[in-house]
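Report on the structure given below.
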Amino acid sequence: MTTGTALTRGMALLGDALFPRFCVGCTREGKILCDVCNEVWISMSTTQLRTSEVWTFGVYADPVLRGLLTTWKYHFDDTAWAVLRRRLQPQMSLLHLRAAMAGVEAVVPVPLSRRRRAERGFDQAVEIAEWIAAGIHRPVLHLLERKHVDGHQAERTIDERITAMHDNPFSIKASKMADRQKMKPTHVLLVDDVWTTGATMHAAAEVLVTQGIGSHFVTVAKG
Ligand SMILES: [Zn+2]
């Protein structure tokens, strides 16, 4: 754990003590997801992992799922991630089967930029990747990193940046090449929190293809 991470976690713990939690479903004070909302939410949920270009556990239009994801991401509230994981866990065996059938050998998170990671203290995609890796019994490989972009570029959307720069925001993490050589995966599962246009994951997959690695995509939610 870096000092930054420890500090962020420390502040989150302090926040728990100072500020009450509110339900992401009904805003009632007490828990991140109250018992009533949890029960309704579970009964509403499908247990079918959605398939399309991306395998996804849910939709971003689901206000409870969105509330839990953003509470975790922006308020560093691990309780939200714990609730979300419990709810998504039943779909894991299907992902396990699909990943096995697709020949997935490892799980690769789509990384945040170093600056973003430092600001936030953790990388949501990495934590999701670790949870999925444990669920499908494959290792996590940190093969990618985000190239440095200046402030102006960081303001743009990733689509605009790709178009503007004719360049890819990701590169292969040189320090991890040795790991890859030991492992040599040809199929990996690329992991991110939310799928919106797919531009980010396609850019990441493009970089992996240059190393002879094919990708399948999985996100917690689809926008
Ligand atoms: Zn509630």
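Readers should treat all values here as calculations from the given coordinates under stated rules, not as data from a laboratory. This is a predicted model, so every value here is computed, not measured. For neighbour counting, all protein chains shown are included, and Cβ atoms are generated from backbone atoms with ideal geometry for every residue, glycine included.
Given the Cα-Cα distance of residue 94 and residue 61 and 0.36 nm per residue of separation, how much length would full extension add, in nm?
On the way: separation 33, 0.36 × 33 = 11.88 nm, distance 2.23 nm.
This chain segment gains 9.6 nm when fully extended.
Each peptide in 115-128, 26-39 gets a packing score, the mean of other Cβ atoms within 10 Å over its residues, and the list from highest to lowest is 115-128, 26-39.
Each label was represented as a point 7 Å from its Cα along the Cα-to-Cβ direction; for residue 28 and residue 113 these points are 4.2 nm apart.
Partners of residue 222 within straight-line reach, counting lysines whose Cα lies under 20 Å from its Cα and excluding those fewer than 8 residues away in the same chain: 73.
Remark: the range 53-66, residue by residue, has Karplus-estimated 3J(HN,Hα) of 5, 10, 7, 9, 7, x, 10, 5, 5, 5, x, 6, 4, 4 Hz, where x stands for each Gly or Pro and the curve is 6.51 cos²θ - 1.76 cosθ + 1.60 at θ = phi - 60°.
Grab the eigenvalues of the alpha-carbon gyration tensor for the range 97-151, scale each by 5, take roots, and send me the semi-axes largest first in whole angstrom.
Equivalent-ellipsoid dimensions as semi-axes: 26, 12, 7 Å.
Database remark: amide H of residue 222 closer than 5 angstrom to the amide H of 58, 59, 60, 195 (H placed geometrically; neighbours at sequence offset of 5 or more, or on other chains; Pro and chain starts carry no H). Model label sites at residue 202 and residue 82, defined 7 Å from Cα along the beta-carbon direction, differ in position by 4.0 nm. For residue 147, a cut-off of 21 angstrom between C-alpha atoms picks up these lysines, skipping any fewer than 8 places away in its own chain: 173, 176.
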